2 protein chains.
Amino acid sequence: MDIKGFQFSAVEAAIKKPGRKDLALIFSEAPALACAVFTTNAVKAAPVLLSKEHIVKGTARALVVNSGNANACTGEQGMIAARETSHLVAEGLGIPAEAVQISSTGVIGVQMPIERVRAAIPALIEGLACGTLDDVAEAIMTTDTFPKMEARGGQAGGVSYSMAGIAKGAGMIMPNMATMLSFIISDAAVEPAVLDKAFRRAVDGSFNIITVDGDTSTNDTCLIMANGLAGNPVIQAGTPEAETFEALLHEVLLSLAKQIVKDGEGATKFVEVRVSGALSDADAKRAALAVANSSLVKTAFFGQDANWGRIFAAVGYSGAEVDPSRLALRFDDVLMAQNGVFAGGDAEVRGSEVLRKREFTVTVDLGLGKGSATVYTSDLSHEYVSINADYRT
Amino acid sequence: MDIKGFQFSAVEAAIKKPGRKDLALIFSEAPALACAVFTTNAVKAAPVLLSKEHIVKGTARALVVNSGNANACTGEQGMIAARETSHLVAEGLGIPAEAVQISSTGVIGVQMPIERVRAAIPALIEGLACGTLDDVAEAIMTTDTFPKMEARGGQAGGVSYSMAGIAKGAGMIMPNMATMLSFIISDAAVEPAVLDKAFRRAVDGSFNIITVDGDTSTNDTCLIMANGLAGNPVIQAGTPEAETFEALLHEVLLSLAKQIVKDGEGATKFVEVRVSGALSDADAKRAALAVANSSLVKTAFFGQDANWGRIFAAVGYSGAEVDPSRLALRFDDVLMAQNGVFAGGDAEVRGSEVLRKREFTVTVDLGLGKGSATVYTSDLSHEYVSINADYRT
């Protein structure tokens, strides 16, 4: 899909190890509206701190991103490295430094090899002539096993516009923010208020409802840039066009979020956890997250063991209002338990069949009210342990 | 160690599978003071609900406990089974049903095979003639690899008294309560208020500061019975004897709690996580628990990888007040990071040496105040995943 006025580049800077592209650039030929949400972790990486400074006016023209080093827990030296990187990119592109967003992902606590980044930036900028968004999606991967992309097209006032997003995830996936890094670009012309509202809602309904291991990283960033070069009449708040734009953006982000869960470190299962019948939506989300984050539940999924009692136990300690005698549970459409106890019959056999699938849904009904929530999670496998035990080596 | 006036028994009831003792009894020849703390999980097992009813007067004479079946998520039928078990034991012992405490551990959501329990109770009561506390400690094991026991002796008014405790843990270990099951007996004569205060403080300083996987079970119970048969002058509140009693009890519980962590499912490391310099003790505990529960930190311990950045990341999302530029970290006495950044020098090499040990201490200083906390945790290994993936099969 062609997103008008965006250029891409990715090069090999040997930030962690040679042999793969690890430094990438997205450039908008015209100033773009920009919104971003960043990690809620109190320990924020240097690029997060700098990007927050740069985005205050709601505009950006470039994103420079590296994998292999998170530039987190690197103190003043890390800030200097981030600043120099954004300055060099700005200089090479002929734009102000404040127009550059910067992101990093990789190992925490190691200083950026800034001399390698410095040496690679001229080639990075030259590469804009022939790079693709796919190149960037690949360059930001760490333990990801596949690049994550999604795109949609829409119309406003009879003019077509496009949007596309990329993401990297794999580990440290937990609201809020859930994603490690996600970048969305669009050539749509939209009012700033429309973009801001649509973006925040889309993030809430996607990256903030997935979890892999309950950890929140120091670097999580989701950024959108919209440069208006599609030439459509500006999408105004309160119009059907604004609704369409928001719906499309939500589709892109939800697809990326689901791809992140499917590629969760060592994941062999993709599980949709739905909670209904809660006293409130907040209670439902609390219960759903407790189930989705429970190591005991997730290892049972990995073992394809229909150990439904662990799910009720997780709901029980979630903090949500619970009446044990009203709990019901389904694996896909198989009723495993109701009124808090085993449903009997062939539930065990049929439930185990569901758990042998690559993807399934777990539905818990609390039987108390109308609150509901859905979150997405993976299982917890041997491979997760292997990946994270040996991550730095 | 001889605890005066207590008898023990354990038999094979084939509750889950034949070939091991899975039903046990502790009996006090005289009425005993009793205190207990139970799981905070909203989904409580039937024996927990019944034991809470029975202990309201602060006394007990017997504890009947089974492994292999948790009798949780079993509804009214589960309550009937628990009630029948306690009635049969009471009848056999010639005591009121309310004098019987009851506990279960094992798989959730399966009805108790009450006919097997019923059939085994006569032999269980007969066995009191020759059983030991060791037998009970072994009978309550599930995925535990060793029985957990500790004992202490003290003096009051020149008369010796004793206390001993047993525990089972392994999985689902998380405050509050942290232990699956722990039972303490003593022949000391103590005022009820002394026993209550000493017990609650000892639990807070032991089972409530350990974590294995962040899950809280439906069955967690810690019970103490003190029958006064040592014949010491009753230990009164506010005396040095009360302090000694409390200190001894804390030693017993802390030892049991540490044994549980060391025997955490698949654990290969025993890690003491200390947080100092927090704005409050509560903040320190929040930070320590975030570190102790982080899957990423725990897999790094398993991999013997001095990935200290993950520890700062966990502190950062813990909710504790944190200034990243003031954080310091040690593995044992090796300074890994200070002022939020890597300490440099040979820290990497020396830190990795510490992590190769079976036991070590992680100390995080937040550099903000005087709050401190210590928690104990294990690593997250392949074996944890194996055990929990295949638990029921």
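The values are calculated or read from the model by the stated rules, or taken from the named source; none is laboratory data. On a predicted model such as this, the values are computed, not experimentally measured, just so you know. For neighbour counting, all protein chains shown are included, and Cβ atoms are generated from backbone atoms with ideal geometry for every residue, glycine included.
Residues of the range B:301-335 that are aliphatic (A, V, I, L, M) and in contact with a Leu (Cβ under 8 Å, 6 or more places away or on another chain): B:Ala306, B:Ile311, B:Ala313, B:Ala314, B:Val315, B:Ala320, B:Val322, B:Leu327, B:Ala328, B:Leu329, B:Leu335. Determine, yes or no, whether A:Ala287 is in contact (Cβ under 8 Å) with a residue 24 or more places away in the chain, assigned by TED's automatic domain parsing to the domain that holds A:Thr363 and over 26 Å from B:Gly109 (Cα atoms). Against the criterion (in contact (Cβ under 8 Å) with a residue 24 or more places away in the chain, assigned by TED's automatic domain parsing to the domain that holds A:Thr363 and over 26 Å from B:Gly109 (Cα atoms)), A:Ala287 does not qualify.
Among the residues of the range B:139-167, just one is at pLDDT 95 or above and either among the acidic types (Asp, Glu) or not assigned by TED's automatic domain parsing to the domain that holds B:Val234 (or both), namely B:Glu150. Could you figure out which of (1) within 14 Å of chain A (Cβ to nearest Cβ); (2) surrounded by fewer than 24 Cβ atoms within 10 Å (Cβ to Cβ); (3) over 18 Å from the mean Cα position of the chain (by Cα); (4) not acidic (Asp, Glu) isn't true of B:Ala46? Among (1) within 14 Å of chain A (Cβ to nearest Cβ); (2) surrounded by fewer than 24 Cβ atoms within 10 Å (Cβ to Cβ); (3) over 18 Å from the mean Cα position of the chain (by Cα); (4) not acidic (Asp, Glu), the lone unmet condition for B:Ala46 is (2). Here's a check for you: in the range B:272-299, which residue that is in contact with a helix residue (DSSP H, G or I) (Cβ under 6 Å, 6 or more places away or on another chain) and closer than 18 Å to B:Asp332 by Cβ is farthest from the other protein chains (Cβ to nearest Cβ)? Only one residue tops the list, namely B:Val273.
Only a single item in (1) within 14 Å of another protein chain (Cβ to nearest Cβ); (2) surrounded by fewer than 19 Cβ atoms within 10 Å (Cβ to Cβ) is not met by A:Val56, and it is number (1). For the range B:49-78, a residue qualifies if it is hydroxyl-bearing (Ser, Thr, Tyr) and more than 19 Å from the chain's Cα centre (by Cα), and the qualifying residues are B:Thr59, B:Thr74. Residue count for the range B:140-157 satisfying the condition of being in contact (Cβ under 8 Å) with a residue 24 or more places away in the chain, part of a loop (DSSP other than H, G, I, E, B) and either closer than 14 Å to B:Glu241 by Cα or touching a helix residue (DSSP H, G or I) at 6+ places or on another chain (Cβ under 6 Å) (or both): 2.
Conditions (1) closer than 17 Å to A:Lys168 by Cβ; (2) of a type outside the set (Val, Ile, Thr); (3) assigned by TED's automatic domain parsing to the domain that holds A:Glu126, marked per residue:
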residue: A:Met1; (1), (2), (3): no, yes, no
residue: A:Asp22; (1), (2), (3): yes, yes, yes
residue: A:Thr39; (1), (2), (3): yes, no, yes
residue: A:Val43; (1), (2), (3): no, no, yes
residue: A:Asn69; (1), (2), (3): yes, yes, yes
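From the list A:Ile108, A:Ile125, which one is within 14 Å of another protein chain (Cβ to nearest Cβ), on the phi < 0 side of the Ramachandran plot and hydrophobic (A, V, I, L, M, F, W, C)? The match here is A:Ile108. With respect to the conditions (1) buried (at least 24 other Cβ atoms within 10 Å of the Cβ); (2) closer than 16 Å to B:Glu115 by Cα, B:Leu63 lacks only one, and its number is (2). When A:Tyr376 is tested against (1) modelled with pLDDT of 90 or more; (2) buried (at least 24 other Cβ atoms within 10 Å of the Cβ); (3) part of a helix (DSSP H, G or I), exactly one condition is not met: (3).
Scanning the range A:313-346 for residues that are over 15 Å from A:Ala288 (Cβ atoms) and free of Cβ contacts under 8 Å to residues at least 24 places away in the same chain returns A:Pro324, A:Ser325, A:Asp333, A:Val334, A:Leu335, A:Gln338, A:Asn339, A:Val341, A:Ala343, A:Gly344, A:Gly345, A:Asp346. Of all residues in the range B:330-350, which are within 11 Å of chain A (Cβ to nearest Cβ) and more than 14 Å from A:Gly75 (Cα to Cα)? If the condition is that a residue be within 11 Å of chain A (Cβ to nearest Cβ) and more than 14 Å from A:Gly75 (Cα to Cα), then B:Met336, B:Ala347, B:Glu348 are the ones that fit.
Kindly indicate whether any position in the range B:68-75 is assigned to a helix (DSSP H, G or I) and either surrounded by 24 or more Cβ atoms within 10 Å (Cβ to Cβ) or out of contact with any Pro (no Cβ under 6 Å at 6 or more places or on another chain) (or both). Taking every residue of the range B:68-75 in turn, at least one turns out to be assigned to a helix (DSSP H, G or I) and either surrounded by 24 or more Cβ atoms within 10 Å (Cβ to Cβ) or out of contact with any Pro (no Cβ under 6 Å at 6 or more places or on another chain) (or both). For the condition outside any loop (DSSP other than H, G, I, E, B), in the same structural domain as B:Leu223 (by TED's automatic domain parsing) and within 27 Å of A:Ala347 (Cβ to Cβ), B:Arg61 does not qualify. Please find, among A:Arg286, A:Arg326, the residue that is among the basic types (Lys, Arg), surrounded by fewer than 24 Cβ atoms within 10 Å (Cβ to Cβ) and modelled with pLDDT of 95 or more. Only one candidate qualifies: A:Arg326. For the range B:292-305, taking the residues that are under 19 Å from B:Arg358 (Cβ atoms) and crowded, with 24+ Cβ neighbours inside 10 Å, the one that is farthest from the chain's Cα centre (by Cα) is identified as B:Ala300.
On the stretch given as the range A:196-237, residues that are away from chain B (no Cβ under 14 Å), in contact (Cβ under 8 Å) with a residue 40 or more places away in the chain and not in a strand (DSSP E or B) total 22. Considering only residues in the range B:94-106 that are of a type outside the set (Gly, Ala, Ser) and buried (at least 21 other Cβ atoms within 10 Å of the Cβ), the one that is nearest to the chain's Cα centre (by Cα) turns out to be B:Thr105.
For A:Glu29, the conditions (1) away from chain B (no Cβ under 14 Å); (2) of a type in the set (D, E, K, R); (3) in a helix (DSSP H, G or I) are fulfilled apart from (3). In this structure, A:Glu265 does satisfy being within 10 Å of chain B (Cβ to nearest Cβ) and among the charged types (D, E, K, R).
Take the conditions part of a helix (DSSP H, G or I), of a type in the set (Val, Ile, Thr) and either under 30 Å from B:Arg152 (Cα atoms) or more than 14 Å from chain A (Cβ to nearest Cβ) (or both) and apply them to B:Val37. Does it pass? No; evaluated as a whole, the condition is false for this residue. Which number in (1) surrounded by fewer than 17 Cβ atoms within 10 Å (Cβ to Cβ); (2) touching a residue at least 60 places away in the same chain (Cβ under 8 Å) marks the one condition that A:Leu128 misses? Every listed condition holds for A:Leu128 apart from (1). Is it true that A:Arg310 is within 19 Å of A:Val362 (Cβ to Cβ) and crowded, with 21+ Cβ neighbours inside 10 Å? Judged against the criteria, A:Arg310 is a match. You will find that of B:Ala129, B:Ala81, B:Ala123, the residue that is within 24 Å of B:Glu53 (Cβ to Cβ) and more than 24 Å from the chain's Cα centre (by Cα) is B:Ala81 and no other. Among the residues of the range B:300-329, what is the count of those that are within 7 Å of chain A (Cβ to nearest Cβ) and not in a helix (DSSP H, G or I)? The number of residues fulfilling the criteria is 4.
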